[in-house]
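Following: one structure in structure tokens, then a few remarks.
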Amino acid sequence: MTRRAWQARTTFVFVLALFVGGLLAITAYTLWRLRGDAVANGLGIAAMHARGFEDFLTQSLHVTELLAANTLAQVARRPQPHEIERTFVASLRHSPFLRSMSLLDDQGRIVASSNPANVGTTVATGNFLPPAGENLQILRIGAPWSGRDFVGGRPSTSAAPVAGDQLSFIPVSRRIGVAGQTVTLVFALNPDHFNNYILQRLGAVEGSVEVLRYDGTLLMDSSPGGQAGSLREYVLRDLRLAEVEFGQFEQGSDKDRHALTAFRASHLYPFVVVVHLDRQHALRPWRTEAGTVLAVVLSAALVIVLLAIGIYRRQRQVAEQRARAERLQQINAASVFTNAREGIMITAPDATIIDVNEALSRISGYPREELLGQNPRMFRSDRQEKAFFTSMWSELHGNGHWSGEIWNRARNGQLYAAMLTISAVRDDEGNTRQYVALFTDITVLKEHERKLERTAHYDALTGLPNRVLLADRLHQGMVQTQRRGQRLTVAFLDLDGFKAINDQHGHEAGDQLLIAVAGRMKQALREGDTLARLGGDEFVAVLLDLADVATCAPMLDRLIAAAAQPVQFGDLVLQVSTSLGVTFYPQSELIDADQLLRQADQAMYQAKLAGKNRYCVFDAEQDRSVRGLHETLEEIRRALLTQQFVLYYQPKVNMRTGVVIGVEALLRWQHPEKGW
């Protein structure tokens with residue numbers, strides 16, 4: 001076995017052990033999370049029971065208060081003791097959670113009761129909660145008593161609680177004002193009723209419920225052996241009732257059995273319901289699920305180990321075949337790298353140049369020895385801003401490749417355009433090992449594109465903007481004029497006498513004349529103005545940012561003077577003049593760029609008719625009048641075709657003799673809209 005094969009086998013065993021260990025760790029973590037979910041679910045169930053039991057107790061005590069108020073209202077009408085007792089008995093018929101109802105005098109003795117045996121028994125209410133106040137009329141809860149009712153019963157204390165196998169009841173009192181006096185009713189609550197209600201919803205094997213006063217005194221306990229009246233100090237220590245009204249936590253119970261505990265304090269009365277769910281019972285579904293998961297995971301781990309061993313043996317065979325193929329591929333790659341016509345650069349992850357081919361040295365002018373160990377920044381031409389390279393590297397790091405055009409500087413200082421493609425070479429772990437850049441020189445192509453673009457937007461003879469570029473600049477000028485609140489002037493120029501020179505001296509003379517006149521007229525304009533050639537001897541000038549119409553007059557005069565300067569062509573002196581038609585923007589009516597050019601063209605013909613070598617401003621009112629005349633003539637033509645004219649004859653009569661001496665012919669126009 002070779003050293004490399006031994007290292008591969010060691011790595012395989014280590015990775016396989018790491019995988020199995022990781023699988024077991026993940027399984028343990030998953031089971032731990034599932035256990036946490038089961039505990040959280042148990043705490044949620046405990047909180048739900050605490051809320052339900054607290055609502056039931058609160059409603060029962062509230063019913064007791066309402067019963068006390070209604071009963072005393074009847075007692076006021078029946079003051080005799082035997083009548084009061086009958087009223088108490090009738091009131092308790094529909095209250096199974098109450099064992100007795102009694103009336104106390106000022107010394108705390110029972111003077112009337114639904115259980116006559118209670119009469120004469122003294123009930124001390126000093127330790128009832130909440131503490132008594134002078135005007136406090138609220139239901140108060142006392143410590144549990146042993147026995148079934150007040151007669152024969154005794155109040156419990158923390159030192160002498162009620163035994164778990166003894167009967168007990170919970171005394172509650174209510175002071176109520178009746179007929180200007182305050183009387184006290186005391187009730188004996190039946191804890192068995194509430195315990196039965198609790199056990200119907202929460203079995204003894206599932207958990208238990210405790211009801212305690214705010215001072216920690218146990219009022220009732222659904223579990224066997226609970227001693228009513230005992231003091232549960234953990235209430236003051238763990239529940240923090242002064243801060244919160246409800247909560248849940250995991251704790252150990254008094255029997256050293258861990259429990260999931262939730263509590264909820266009544267918002268009306270001084271008691272709190274504490275629910276303890278047995279943790280073992282709550283986690284029973286989790287233990288079943290954990291056993292199933294472990295069985296599945298261990299079986300899967302065994303299958304994976306066996307498959308991995310088989311795959312490892314197969315991979316060893318494939319690796320040997322791949323090694324032979326890679327050696328052959330490296331031989332072919334070296335041949336491509338050397339003989340490629342495109343420039344190829346290989347860099348380290350930090351962009352240090354590792355190798356370049358001969359084609360890249362030819363494109364950049366740098367020999368291979370000068371490029372090795374350098375950074376590609378040495379090719380920077382400053383044609384691209386920093387944001388360009390930031391975006392390039394961001395895409396390269398994110399996608400692993402980048403492609404685009406870039407301008408570089410050769411060794412001799414000349415700029416050249418290149419189509420650059422960069423690809424990241426990554427290992428099996430996804431780490432970048434190298435960058436491979438492919439350069440294609442596209443300088444000739446870019447120059448050809450530049451010439452095509454200039455041909456599309458500029459006149460080939462004069463170098464002035466052509467009709468396409470004029471339309472774009474005129475549109476931009478109109479938008480700029482509206483934004484700045486200025487005026488724009490469009491001047492349509494036509495050279496006077498150019499055709500005669502072209503016919504007499506030839507096209508070469510005419511071309512030289514156009515070039516010279518175009519250059520002089522362009523120099524007569526400002527930097528932001530535009531002079532364009534439409535074709536032949538027609539030009540258009542666009543003058544921007546004019547305060548008013550009169551401002552453009554000097555510039556128009558300069559254009560006329562520039563066009564009239566003589567041009568030397570060989571032994572000949574050529575000279576022309578120019579006629580200008582001028583219009584302005586904006587106008588009172590909405591108008592577009594084509595209409596502006598037509599208006600300037602019309603004004604130019606008016607300048608020629610007026611004697612040439614001058615400019616004429618387009619008259620919008622006259623144009624509207626002419627257009628109105630043309631529209632009227634067009635309507636008359638349509639009226640003749642549609643027979644809208646009707647001929648009427650009106651007689652001419654001599655009023656003295658009554659003789660018809662002639663007729664008048666009247667042509668009436670029955671216009672469909674104007675109604676003539």
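The values are calculated or read from the model by the stated rules, or taken from the named source; none is laboratory data. What you see is a predicted model; the values in this text were computed from it and never measured. A quick note on method: Cβ atoms are made from the backbone with ideal geometry, for glycine too, and the neighbour counts reach across all protein chains shown. Please note that ligands, DNA and RNA were not included when accessible areas were found on the heavy atoms of the full protein model with its side chains. Shrake-Rupley method; radii C 1.70, N 1.55, O 1.52, S 1.80 Å.
Of all the numbered requirements in (1) of a type outside the set (Lys, Arg); (2) closer than 24 Å to Glu385 by Cα; (3) in a helix (DSSP H, G or I), Asp472 misses one, and that requirement is (2). Within region 206-233, the residues that satisfy the criterion of being touching a Ser or Thr at 6+ places or on another chain (Cβ under 6 Å) and part of a strand (DSSP E or B) are Ser208, Val209, Leu218, Leu231. List the number of the failed condition for Tyr269; all other conditions in (1) aromatic (Phe, Trp, Tyr); (2) under 30 Å from Pro131 (Cα atoms); (3) assigned to a helix (DSSP H, G or I) hold. Result: Tyr269 passes all but (3).
Within region 181-213, the set of residues being in contact with a Phe, Trp or Tyr (Cβ under 7 Å, 6 or more places away or on another chain), of a type outside the set (D, E, K, R) and closer than 22 Å to Arg232 by Cα comprises Leu189, Asn190, Pro191, Phe194, Ile198, Val209, Val211, Leu212. The sole residue among Leu31, Leu57, Leu18 that is open to solvent by less than 80 Å² (accessible area, probe 1.4 Å) and either within 30 Å of Leu92 (Cβ to Cβ) or without any contact (Cβ under 8 Å) to a residue 40 or more places away in the chain (or both) is Leu57. If Arg483 satisfies every condition in (1) more than 29 Å from Arg454 (Cα to Cα); (2) of a type outside the set (Ser, Thr, Tyr); (3) part of a strand (DSSP E or B); (4) under 57 Å from the mean Cα position of the chain (by Cα) but one, which is the exception? Condition not satisfied by Arg483: (3). Counting only helices (runs of 4 or more DSSP H) that fall entirely inside region 351-413 and contain at least 2 residues that are touching a residue at least 60 places away in the same chain (Cβ under 8 Å), the qualifying elements are 358-364.
Of the residues that sit in region 177-200 and are in a helix (DSSP H, G or I) and in contact with a helix residue (DSSP H, G or I) (Cβ under 7 Å, 6 or more places away or on another chain), which one is surrounded by the fewest Cβ atoms within 10 Å (Cβ to Cβ)? Only one residue fits best here, namely Tyr197. The set of residues in region 459-486 being under 14 Å from Asp529 (Cα atoms) and either of a type in the set (A, V, I, L, M, F, W, C) or free of Cβ contacts under 8 Å to residues at least 60 places away in the same chain (or both) consists of Leu464, Leu469, Leu470, Ala471, Asp472, Leu474, Gln476, Met478. Determine if region 90-110 includes at least one residue that is free of Cβ contacts under 8 Å to residues at least 40 places away in the same chain, touching a strand residue (DSSP E or B) at 6+ places or on another chain (Cβ under 7 Å) and open to solvent by 60 Å² or more (accessible area, probe 1.4 Å). Yes, region 90-110 contains at least one residue that is free of Cβ contacts under 8 Å to residues at least 40 places away in the same chain, touching a strand residue (DSSP E or B) at 6+ places or on another chain (Cβ under 7 Å) and open to solvent by 60 Å² or more (accessible area, probe 1.4 Å). Taken as a whole, the condition of being of a type in the set (Lys, Arg), within 15 Å of Leu474 (Cβ to Cβ) and within 57 Å of the chain's Cα centre (by Cα) does not apply to Arg526.
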